[in-house]
Amino acid sequence: MKKILTMAVLAVLALNVSAAKKKTPAKVDNKPQFTIIKEIPITSIKDQNRSGTCWDYSTLSFFEAEILKATGKKYDLCESFVANKTYMDRAIQVVRFHGDCQFSQGGSAEDPLAVMKQWGICPEDAMPFPGSLYGDSLNNFNEFFSVLEPYVAAVAKSSAKKISSQWKVGFQGILDAYLGKCPEKFTFEGKEYTPKSFMQSLGIDLNDYVSITSYTHHPFYSAFAVEVQDNWRFPLSYNLPMDEMMRVIDNAVENGYTVAWGGDVSEPGFTRNGLAYAIDTKKAESLQGSDMAKWLKLSAEKRRSLIDSLGCKVPEIVPTQEMRQERFDNWELTDDHGMHIFGVAKDQNGKEYYMVKNSWGETGDYKGIWYMTKTFIAANTMDFLVNKKAIPADIRKKLGI
């Protein structure tokens, strides 16, 4: 009797559990689950904070990875050194152009490369920690540039028939007050260096680095200066078809090289939690049973919520060469951020993503790392810096390098 009663109770409990399961369907989790395919060693995450210096942080991170690959040694190179030299160079150009060009916080991967070629580099602790000179814990360029910008404008737009070189002395004083003086000599690991001799000790050849882009308004396999304002030094980028541009990135990562990437992160698919998708908004809204008019009326916050809910199932566009050119010409594809590509991963559906180091501190779901789909990179790349040894042999032959 007890056995029969026990079995009956168990049967009732089983029915109740089964009913409960039917009433509460399992929640589908669209958050991507990543499997790393290739990961190249990089240095630690940094935080540019309130400064427009992504170009500085991402490119020095790239060179730190190059040094690590070449020598096995980790270095922390100094962004303030590069910024100090770069802003003086840029101010001089603006004055030479009588103000008919832009002075701003932004820049490109060419700036750290040009500074290291001309001036060398120093380690991070050879200059004051970012923000420390004006009582902050990290960079904050709000006050700094509110002083710099009108200073440069006043000189560049002067009505004088002749200006003296003293404006450079005053301008250098502002740079040094907020960034610190660039050292002429310093000691590192018990040895004295100049910035140039330190650069020479790092084990890399600065002539090994080239810039790659992909547009149709210049011939493929030629080189041209990409027409964006922060490309103010006018360095030349090699122009490749989009599929070959992507082959360069893939070949680089496969062979242990990283990439200093510059492109557009103002797209709705670039999230603040560490993901980036080239969203097909028409397909995305159809999945939600709405229409495009409704999608376009959604606030940025609601769009992000919709994207987050779709997760790795969000539909993506198929980028084309024509699409890239059209978006560049109509100002949709902009040059607004620099990051550091260092690996490849795939999600549970087999979709591949580049692993990308950001310079916003250990933010987002992945502590400062972004997972950006290959589709996003193909659609939103402006240009990137890479070691020419990382370029496939057939493409190098076409470029003559």
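Annotations
- As a fraction of the 1.4 Å probe accessible area of the chain, surface on carbon and sulfur atoms comes out at 54 percent.
- Dividing the summed helix terms, -39500 (n - 2.57) for each DSSP H run of n ≥ 4, by the number of residues in the chain produces a 222 nm estimate of -12500 deg cm²/dmol to the nearest 500.
- Excluding exposed DSSP-loop GluC sites (Glu not before Pro) (at most 10 other C-beta within 10 Å), longest clean stretch of the chain: 190-401
- Hz values of 3J(HN,Hα) by residue in the stretch 226-240 - Karplus curve (6.51, -1.76, 1.60), Gly and Pro given as x: 4, 7, 10, 4, 7, 8, 5, 7, 6, x, 8, 10, 6, 9, 10
- Protein-only accessible surface order, largest first, of Asp347, Asp100 at 1.4 Å: Asp100, Asp347
- Highest-MSF residue in the chain out of Ala154, Ala379, Ala276 [GNM, Cα springs under 10 Å]: Ala154
- Take the Cα of Cys101, step 7 Å toward its Cβ, do the same at Ser299, and the gap between the two points is 4.2 nm.
- Loop-resident sites, the stretch 78-111, for chymotrypsin sites (Phe, Trp or Tyr not before Pro), counting at most 15 other Cβ within 10 Å (DSSP): Phe97
- The stretch 125-211: relative contact order in percent, alpha carbon pairs under 8 Å with at least 6 residues between: 28 percent
- Amide H to amide H distances under 5 Å link Ser237 with Phe224, Ala225, Val226, where only residues 5 or more positions off or on other chains count and H is placed in the peptide plane.
- Converting phi to 3J(HN,Hα) with the Karplus coefficients 6.51, -1.76 and 1.60 and the offset θ = phi - 60°, the stretch 184-192 yields 7, 9, 7, 10, 9, 6, x, 10, 8 Hz in sequence order, with x at every glycine or proline.
- Residues whose amide H falls under 5 Å from that of Asp47, counting only those 5 or more places apart or on a different chain, are Gly361, with hydrogens built in the peptide plane.
- Separation of the stretch 54-70 and the stretch 325-379, taken as the distance between their Cα centroids, equals 17 angstrom.
- Backbone HN-Hα couplings from phi across the stretch 111-127 [Karplus 6.51/-1.76/1.60, Hz, Gly and Pro as x]: 5, x, 4, 5, 5, 5, 5, 8, 10, x, 7, 9, x, 3, 7, 7, 10
- 1.4 Å probe accessible area per residue over the chain, in Å²: 49 Å²
- Normalised contact order of the chain, rounded percent, pairs of Cα under 8 Å and 6 or more residues apart: 24 percent
- Contour excess over end-to-end distance, with Cα ends at Asp176 and Phe188 and 0.36 nm allotted per residue: 2.2 nm
- If you take the Cα centroid of the stretch 204-283 and the Cα centroid of the stretch 123-197, the two points sit 30 Å apart.
- Accessible area in the full protein assembly, largest first, 1.4 Å probe, for Leu68, Leu202: Leu68, Leu202
- Accessible surface ranking for Ser214, Ser266, Ser201, Ser104, 1.4 angstrom probe, highest first: Ser266, Ser201, Ser104, Ser214.
- Candidates per trypsin sites (Lys or Arg not before Pro) in the stretch 338-401, loop by DSSP, up to 13 other Cβ within 10 Å: Lys367
- Legend: residue pairs Lys162/Lys196; Lys74/Lys389; Lys46/Lys389; Lys351/Lys397; Lys73/Lys346, Cα-Cα distance threshold 23 Å; pairs beyond threshold, Lys162/Lys196; Lys46/Lys389; Lys351/Lys397; Lys73/Lys346.
- Close amide H partners of Phe188, meaning residues 5 or more places away or on another chain with modelled amide H under 5 Å apart, are Tyr193.
- (1) 215; (2) 201; (3) 146, with the label sought being that of the calculated volume of the Cα convex hull per residue in Å³: (1)
The values are calculated or read from the model by the stated rules, or taken from the named source; none is laboratory data. Just so it is clear, the structure is predicted and the values come from calculations on it, not from any experiment. Neighbour counts are summed over all protein chains in view; Cβ atoms, including those assigned to glycine, are modelled from backbone coordinates with ideal geometry. Heavy atoms of the whole protein, side chains included, go into the accessibility calculation; ligands, DNA and RNA do not. Shrake-Rupley method; radii C 1.70, N 1.55, O 1.52, S 1.80 Å.
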